[in-house]
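Laboratory data are not the source of any read-out in this text; all were calculated from the coordinates shown. Everything numeric here is computed off the predicted structure, so don't read it as measured data. Note that each Cβ is placed from the backbone with ideal geometry, even for glycine, and that neighbours are counted across all protein chains shown.
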Amino acid sequence: MLSIKNLQASIGEKQILKGLNLEVKAGEIHAIMGPNGSGKSTLASVLAGREDYEVTGGEVSFQGKDLLELSPEERAREGIFLAFQYPIEIPGVSTTNFLKTAVNEIRKSRGQEPLDAVQFLKRMKEKMKLVHIDQALLSRSLNEGFSGGEKKRNEIFQMAMLEPKLAILDETDSGLDIDALRIVAEGVNQLRTKENATIVVTHYQRLLDYIVPDFVHVLYQGRIVKSGTKELAMELEEKGYDWIKDEVSV
Ligand code: ADP
Ligand code: MG
Ligand code: MG
């Protein structure tokens, strides 16, 4: 589904990704871990096509297409969903209205008929049940005055509604309490199918107590320097990152 080869990217003059390789197949959950400042959020942003990042080398193909050629909107339409570290607030626009537009834009670009009010409501109800979100939250302005947990639940609900092929979740260590972690994890587990894939970016092993990834990668100094299974995450929890740094510098 996703193939990243020798990806290099910078912000301004500073090179952050320095030859990153990663292969993600449909049905898989990948966790990306690594010390602060390694480039984890940069990778997520580059995949989503955020403009402040300049790709200076390498290739990214998504379902056989050159992802780097596509605008952020086109990437979203192709089925890439990025849950941001700091979700945006949109005063005056409810989650429901935001999603109605987003869902139908995606359908339109795929040559599908828009969902009418009844169909949309049906999908809302199904997904609300799936991710345990309250109706009241959906009629409030998007993210305005939401608690950390509410933002997370909302993010997972958006993901459920948009049915992405590849979801990228960038979870900062800060501000995520155990409830928020559970919400994210439950959502990812509920939404898992054989056709979609998830990349979970996390600083903490804790999240992986709830989401069982198929693969765990360590991103350090702009490259993936080690890959393994969930045992690697447990090893990191126990030993920290210093041994990886030592291995890399040898
Ligand atoms: P991580 O998510 O792994 O903590 P980031 O991708 O956020 O790492 O950051 C990687 C490096 O890029 C860090 O050294 C950080 O200071 C730098 N960086 C991130 N965003 C910017 C920016 N907007 N301008 C300049 N440097 C940045
Ligand atoms: Mg960071
Ligand atoms: Mg980060």
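Miscellaneous remarks
- Percent of beta bridges antiparallel (DSSP, segment 102-250, rounded to nearest 5): 45 percent
- Relative to the compact-globule estimate of 2.2 N^0.38 Å, the Cα radius of gyration of the chain comes out at 1.01.
- Loop-located GluC sites (Glu not before Pro) in segment 1-79, at most 12 other Cβ atoms within 10 Å (DSSP): 13, 51
- Virtual paramagnetic centre 7 Å along Cα→Cβ of residue 125, amide N under 20 Å, in segment 154-168: 157-158, 160-163
- Selected from 32, 178, 156 as most flexible by GNM, with the chain as the system and alpha-carbon contacts under 10 Å: 178
- Rounded to 5, the percent of DSSP beta bridges in the chain classed as antiparallel: 55 percent
- Calculated P(r) tail over 19 Å for segment 99-175, as whole % of Cα pairs: 41 percent
- Placing unit charges on the Cβ atoms of the charged side chains and taking the dipole of segment 50-130 about its Cα centre, the candidate lying farthest along the positive direction among 97, 117, 79 is 117.
- Cα gyration tensor category, rounded, prolate or oblate, for segment 126-216 with a/c compared to 1.5: oblate
- Sparse packing (at most 15 other Cβ atoms within 10 Å of the Cβ) combined with a DSSP loop state is found for the following GluC sites (Glu not before Pro) in segment 155-232: 195.
- Hydrodynamic radius of segment 1-53 per Kirkwood, over alpha carbon pairs, in Å: 12.0 Å
- Reciprocal of mean inverse Cα separation for segment 172-250 (Kirkwood radius, Å): 13.7 Å
- Helices that extend 18 Å or more along their long axis by alpha-carbon positions and average at least 0.5 on the Kyte-Doolittle scale are, among the DSSP H runs of the chain, 178-191.
- Inverse of mean 1/r across different Cα pairs in segment 99-139, Kirkwood, Å: 11.0 Å
- Rounded to the nearest 5, the antiparallel percentage of DSSP beta bridges internal to segment 59-170 is 50%.
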